[in-house]
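The values are calculated or read from the model by the stated rules, or taken from the named source; none is laboratory data. As the structure is a computational prediction, the values presented were derived from the model and not from experiment. All Cβ positions, even for glycine, are placed from backbone atoms using ideal geometry, and neighbour counts span all protein chains on display. For the accessible areas, the whole protein counts, side chains as well, though only heavy atoms, and no ligand, DNA or RNA atoms are used. Shrake-Rupley method; radii C 1.70, N 1.55, O 1.52, S 1.80 Å.
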Amino acid sequence: MEPSSPQQQSSPLERLRFRNVALRRLPVEEDHGEKPGCRTVHGACFSRVRALQPLPGPRFVAVSRPALALLGLSARDVLGDPAAPAYLSASRLLPGGSEPAAHCYCGHQFGLFAGQLGDGAALYLGEVEVEVEDREERWEIQVKGGGVTPYSRNGDGRKVLRSSIREFLCSEAMAALGVPTTRAATLVTSDLYVSRDPLGNGRRVPERCSVVLRVAPSFIRFGSFEIFLPQDDFSGLCGPSSGRHDIRAQMLDYVIETFYPDIHHGHSNRKDRNTAFFKEAATRTAKLVAQWQCVGFCHGVLNTDNMSILGLTLDYGPFGFMDRFDPEYVCNASDKRGRYSYRAQPSVCRWNLARLAEALGSELHAAEAGAILDEFMPTYEASHLGNMRRKLGLLVREEVEDAGLISDLLRLMHNTGADFTNSFRLLSSIPWPEDGDSEGTAVGPVVDLILEQCASIEELKVANKPTMEDGELAMILTMAQTNPVMFGMVAERPEVAEQLEKMGRLRELLSTDQDELRLKQRDDWIRWTRQYRKRLAKESDGVTDLSSLKKQRVSVMDNTNPRVVLRNYIAHNAIQLAEKGDFSEVRQILKVLEYPFSDTPGFDHLSVCDDRTATESQGNGNNDIDNPSIGPYDSRPPAWARDICVT
């Protein structure tokens, strides 16, 4: 791979300075002497990739100005450089010191140890040094979809336009929401096609190869430490560097010294230092998942190889932002058992941290590591409660009743099928309680707006249909009649209790109609708003400037509850257009997502795909997507959005 000659090194991209510390501090498989392809990599954290795999006809789909700014680049720098699509898709080597390599890691996938995984489609390009005021920052850049690596596991190492658009947009959407995340600076597509089965139903189609340039301080993850694991009792697999405690120590030193310098300098004892690092990683993870829950984000594949050692949201695959609030929401159609449901995310993150502790092994104080794991859920709950108080504008006092108020709200949202994002956004419109005002009159208009975001009776019937196998459900119901004691024991199991609760709600729905349901929903929402306004009244105790407090409450709520998130149907519509060569919607959405809390007019409506086969991948034949009345980005999703399948 030959860099450009010095005479040509004139563009901002060509002047990027690399200082690739990870490759200097950690073991690298230098030259295996074989053709690119899958192999087990022993005793190394990275493998050099000597030959780039250029894409034909690389061109930009979109660029993120905020993410490029991290690298000291502007959109003009990039879009004005004819070589930029090649550089930023790893079709051509950046001349300032880029050293392409692939990272070795393992992972527990869906609860089972899977052995060596690694960067099968991602490619480390190096670490860019950027001067910011009086200090230097270093950002690792990598491409996702750059071609075959030693870790491609019989794959082609390519990513397609569909998944690349989702990762690009969601990385930047999460950053704008204030959620810690890896970033996406550019999205490049090409004239190369690969065969894919997007719905997992055996129907393969040609899809255009595309590449996302990802940016983060580091992409090291929990699974990076699992390459040292011994043989797993269940799977029989072990890490490719099993027993290499010397390399494990090297990686710990690198991670802590580089990314947790305060912890490094604050401890003279190695185990004390490492345990303090583990505690900080656990705290960051707990706070991260609390932020996910508060914006209705579901990751979809929370395997240990998708958990950042820095507490960042990492690897956007079958993610989803909830539309109708449902604690059991599963965004990954491949997750048949709901392991990674919205409700399960906190406990899964704790489980993953336990696997990290096992991988670190004797480097930690075992008893202290156990205590840190015990503190995970309390840390998560405290962070979640604090975030929820801000979402409700409870800024002055912390009352014991707040947890119950929030639980009641979420239960109400679930029972009425309320849209998560839009309902929270409307809460700032609930008026501050005034002496003598009538509850119904004061909150009625806001409640009516919230009811527009609630599900219809037919939607709720579908949502409350039990998902358990008919035979298993029939057996449990028979048990209720024939063996009440055994039924009581079985009914206490969470998965059974949930099914029985659904059946109860469905029975109620079958005995009512839409008008009766809406009246009940209205009464329930007015009852909760009465409870909420009583709590708001306590905020004013001892406050001298009530007018300022009222304004602050609305401001905080409107800057905590987003107006727009990257819903699946919004991404889906942009993908349909992009696959026809129209990238305008991707760029439009990117602009909207950059200001998710803004009510400023502009960029309000989707550009609509006009191909009547556009909804084919949803499998329902519904052509609502062809209707320009699909509405603005912050509207309640159309009916066909429920059937979008992401695997």
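Tabulated data for the structure shown
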read-out	value
Residues that are part of a loop (DSSP other than H, G, I, E, B) and buried (at least 18 other Cβ atoms within 10 Å of the Cβ), drawn from the range 67-92	Leu71, Gly72, Leu73, Asp81, Leu88, Ser89, Ala90, Ser91, Arg92
Failed item, numbered, when Gly440 is tested on (1) within 30 Å of Gln531 (Cα to Cα); (2) open to solvent by 60 Å² or more (accessible area, probe 1.4 Å); (3) assigned to a helix (DSSP H, G or I)	(2)
Candidates Asp262, Asp315, filtered to the one that is more than 25 Å from Asn464 (Cα to Cα), out of contact with any Pro (no Cβ under 6 Å at 6 or more places or on another chain) and surrounded by fewer than 17 Cβ atoms within 10 Å (Cβ to Cβ)	Asp262
Qualifying residue in the range 152-173 (condition: assigned to a strand (DSSP E or B), crowded, with 17+ Cβ neighbours inside 10 Å and at pLDDT 95 or above)	yes
Search result, residues across the range 240-254 that are open to solvent by 10 Å² or more (accessible area, probe 1.4 Å) and touching a Ser or Thr at 6+ places or on another chain (Cβ under 7 Å)	Pro240
Flag for Asp513 being acidic (Asp, Glu) and exposed (fewer than 15 other Cβ atoms within 10 Å of the Cβ)	yes
Count of the range 379-403 residues which are open to solvent by less than 50 Å² (accessible area, probe 1.4 Å), closer than 22 Å to Val446 by Cα, touching a residue at least 24 places away in the same chain (Cβ under 8 Å) and not aliphatic (A, V, I, L, M)	3
Failed criterion for Phe325 (all others in (1) hydrophobic (A, V, I, L, M, F, W, C); (2) in contact with a His (Cβ under 9 Å, 6 or more places away or on another chain); (3) closer than 22 Å to Thr182 by Cβ hold)	(3)
Evaluation of Lys144 against (1) among the charged types (D, E, K, R); (2) over 17 Å from Ala69 (Cα atoms); (3) without any contact (Cβ under 8 Å) to a residue 60 or more places away in the chain (one fails), failing number	(3)
Residue list for the range 459-480, filter: in a loop (DSSP other than H, G, I, E, B), touching a helix residue (DSSP H, G or I) at 6+ places or on another chain (Cβ under 9 Å) and at pLDDT below 85	Pro466, Thr467, Met468
Test: Ala51 is in a loop (DSSP other than H, G, I, E, B) and open to solvent by 20 Å² or more (accessible area, probe 1.4 Å)	yes
Pair list, Cβ < 8 Å and 6+ apart or interchain, from the range 1-19 residues that are closer than 16 Å to Trp139 by Cα and open to solvent by 60 Å² or more (accessible area, probe 1.4 Å) to residues that are at pLDDT below 55 and not β-branched (Val, Ile, Thr)	Arg15/Gln9
Subset tally (residues that are crowded, with 22+ Cβ neighbours inside 10 Å and not in a strand (DSSP E or B)) for the range 122-147	3
Tally, over the range 297-336, of residues that are assigned to a loop (DSSP other than H, G, I, E, B), of a type in the set (D, E, K, R) and within 16 Å of His108 (Cα to Cα)	2
Checking Arg350 against (1) open to solvent by 10 Å² or more (accessible area, probe 1.4 Å); (2) in a loop (DSSP other than H, G, I, E, B); (3) in contact with a helix residue (DSSP H, G or I) (Cβ under 7 Å, 6 or more places away or on another chain); (4) within 22 Å of Pro494 (Cβ to Cβ), the condition it does not meet	(2)
Set Leu385, Leu412: member being part of a helix (DSSP H, G or I) and more than 22 Å from the chain's Cα centre (by Cα)	Leu412
Extreme residue, modelled with the lowest pLDDT, among residues of the range 530-571 that are loosely packed, with under 15 Cβ neighbours inside 10 Å and not in a helix (DSSP H, G or I)	Gly542
Scope the range 362-378; condition assigned to a helix (DSSP H, G or I) and either touching a residue at least 24 places away in the same chain (Cβ under 8 Å) or among the hydrophobic types (A, V, I, L, M, F, W, C) (or both); matching residues	Ser362, Glu363, Ala366, Ala367, Glu368, Ala369, Ala371, Ile372, Leu373, Phe376, Met377
Residue match in the range 505-521 (condition: under 20 Å from Ser428 (Cα atoms) and not charged (D, E, K, R))	yes
Search result, residues across the range 572-622 that are surrounded by 22 or more Cβ atoms within 10 Å (Cβ to Cβ), modelled with pLDDT under 65 and assigned to a helix (DSSP H, G or I)	none
Selected residue (only one of Asn422, Asn483, Asn415 is open to solvent by 60 Å² or more (accessible area, probe 1.4 Å) and either in contact (Cβ under 8 Å) with a residue 60 or more places away in the chain or in contact with a Cys (Cβ under 9 Å, 6 or more places away or on another chain) (or both))	Asn415
The listed residue being modelled with pLDDT of 95 or more, open to solvent by less than 20 Å² (accessible area, probe 1.4 Å) and closer than 12 Å to Arg522 by Cβ, out of Ile406, Ile450	Ile450
